[in-house]
Every structure is written in C-alpha cells, then in structure tokens.
Amino acid sequence: LFPDQIKKFIEIFSKLPSIGPRQATRLAFYFISIGKNNLEEISNAVENLKNIQICSNCFFIHSNQDNLCNICSDKNRRKDLVMIVEKETDLISVERTKKFNGRDLVLGEMAKGGILDSVQKLRIGQLKNFIQKTCPEPAKGTHGAAEEIIIATNLTTYGDLNALVIRKELSDFSKKFSRLGRGIPTGGEIEFADEETLEQAIERRS
Ligand SMILES: [Zn+2]
C-alpha cells in the first residue's frame with residue numbers, strides 16, 4: 001500500500017522516543033502535506049545536528065571549535081565544585097536557575113539497579129583526572145580533591161541508590177558530597193522541577 005520512501009520513514013521514526021508506528025505514519029503524511037520548502041527546513045534542522053559535539057571534559061553538548069563546551073571553557077566558574085547529573089536536560093534545568101557556578105559531569109542515565117556501565121565508568125574516570133589536575137591536595141590526601149561534589153541524580157529511590165554508587169566511586173576525590181534539597185515534586189525528577197523549586201533545592205542541598 002505504501003511507497004518504499006514512506007515505509008522507510010515509518011521504520012526509522014517508529015524507533016524514536018515516544019513515537020510508535022501509528023504516530024510515525026501520521027507524521028509521514030503531515031510532512032508530505034506541508035510542501036517541499038517546509039520539509040527542506042525540517043530536514044536541514046535534523047542534518048545540522050550532525051555538527052553538535054560532546055565536550056571532552058563534562059560530556060555536555062557544544063558546537064565550538066575546540067573540544068570544550070561553554071561551561072567548561074568559562075574561566076569564571078569554580079573547578080572545585082562539581083555537579084553530577086544523569087541527563088543533558090537535567091543540566092539545562094540547573095543552568096536556567098543561574099544558582100550553580102561550578103562545573104558539571106553528564107553521566108548518562110543509570111540502570112535502575114545502581115550499576116555503572118562502561119561508558120559511565122569512563123566518564124567518572126575523566127572527572128577524577130580533571131579533579132586531580134585542577135584541585136589542590138587536601139592536608140591528608142595523596143591527590144587533588146574537589147571542595148564539594150553535588151550528586152544531582154533524581155530524588156527517587158533509584159536516584160538515591162545511584163547517588164550512593166557514584167559517591168562510593170568518588171569517595172577519595174571530594175571533601176564533601178551533597179544531594180539536592182528535597183521539595184522537588186512529581187517523582188523527584190530534576191528535569192521537570194520548576195525553576196524556583198530547583199533554585200531552592202540547590203540552595204538547600206545537604
Ligand atoms: Zn564541558
């Protein structure tokens with residue numbers, strides 16, 4: 001019934017988050033209906049995402065010439081204060097509050113059993129290197145340590161469990177560990193907290 005182009009489109013778009021075959025089919029007909037110019041604009045917008053890169057330090061996205069994102073190349077931000085988030089969108093929510101002036105690590109979403117996969121271990125390794133290189137040694141330490149690492153996983157049972165795993169992994173690399181303050185509603189997901197709530201959660205971290 002469908003030409004091959006539409007079949008291919010449905011096959012690819014059905015795999016996208018929160019889109020199934022039915023939505024993909026509707027989207028295909030919508031795209032066909034909007035005309036070539038509008039369609040070209042959409043396909044360019046997708047195409048241009050190819051130029052987005054991942055920061056070699058914190059693994060957030062950027063489109064700069066060097067390998068660092070805007071946060072990591074900002075000299076005014078503290079290097080001894082680190083916030084670890086699971087998703088890029090969590091980082092964006094935190095940045096919107098303008099209440100955090102440290103650096104970040106985007107870890108990637110953790111499995112629900114509090115286990116770090118190989119990519120996450122690599123990212124934590126990169127953070128350890130960064131801390132060793134940029135933070136001074138504490139009195140009794142053998143290598144540099146951050147002043148504080150905020151583990152901003154979601155405030156859910158799994159998020160708490162994941163935070164414990166991350167903290168254990170980094171125990172020698174910070175003088176203090178904290179979590180965002182309670183009060184983030186709807187299942188404790190950082191991404192969905194409104195700005196004011198998140199601001200307070202950052203200020204009331206403990
Ligand atoms: Zn970065």
Among 180, 122, 27, the residue with the largest mean-square fluctuation in a Gaussian network model of the chain built from Cα contacts under 10 Å is 27
Charge tally for neighbours of residue 14 with beta carbon under 13 Å away, counting Lys, Arg as +1 and Asp, Glu as -1, is +4
Checked against a 27 Å limit on the C-alpha separation, the offending pairs among 133/176; 7/36; 99/176; 79/99; 98/176; 15/128 are 15/128
In the chain the cysteines whose Cβ sits 4.7 Å or more from every other Cys Cβ are 58, 72, 135
Carbon and sulfur atoms account, in whole percent of the 1.4 Å probe accessible area of the stretch 1-137, for 53 percent
In the structure shown, of 75/112; 75/121; 8/121, the pairs separated by more than 32 angstrom at the C-alpha atoms are 75/112; 8/121
Taking the chain, the equivalent ellipsoid from its C-alpha gyration tensor has semi-axes in Å, biggest first, of 38, 20, 17
Over the chain, with neighbouring protein chains present, the accessible area per residue in Å² at probe 1.4 Å is 61 Å²
Quick P(r) readout (the stretch 69-175; Cα-Cα; 5 Å bins; whole %) gives 2, 12, 23, 25, 20, 12, 5, 0
Distance in nm between residue 206 and residue 37 label points, each 7 Å along Cα→Cβ, equals 6.0 nm
If one builds a Gaussian network model of the chain from Cα atoms under 10 Å apart, the most fluctuating residue listed among 102, 188, 113 is 113
The percentage of the accessible area of the stretch 165-206 (probe 1.4 Å, all protein chains present) made up of carbon and sulfur atoms, to the nearest whole number, is 43 percent
Bridge orientation stat for the stretch 1-152 from DSSP, antiparallel percent rounded to 5, came to 20 percent
Residue 63 and residue 11 label points (each 7 Å along its Cα→Cβ direction) are spaced in nm at 3.0 nm
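The values are calculated or read from the model by the stated rules, or taken from the named source; none is laboratory data. Bear in mind that the values here come from a model prediction, so they are computed numbers and not experimental data. Virtual Cβ from ideal backbone geometry, glycine too; neighbours counted across all protein chains shown. These accessible areas exclude ligands, DNA and RNA; they are computed on the full protein's heavy atoms, side chains included. Shrake-Rupley method; radii C 1.70, N 1.55, O 1.52, S 1.80 Å.
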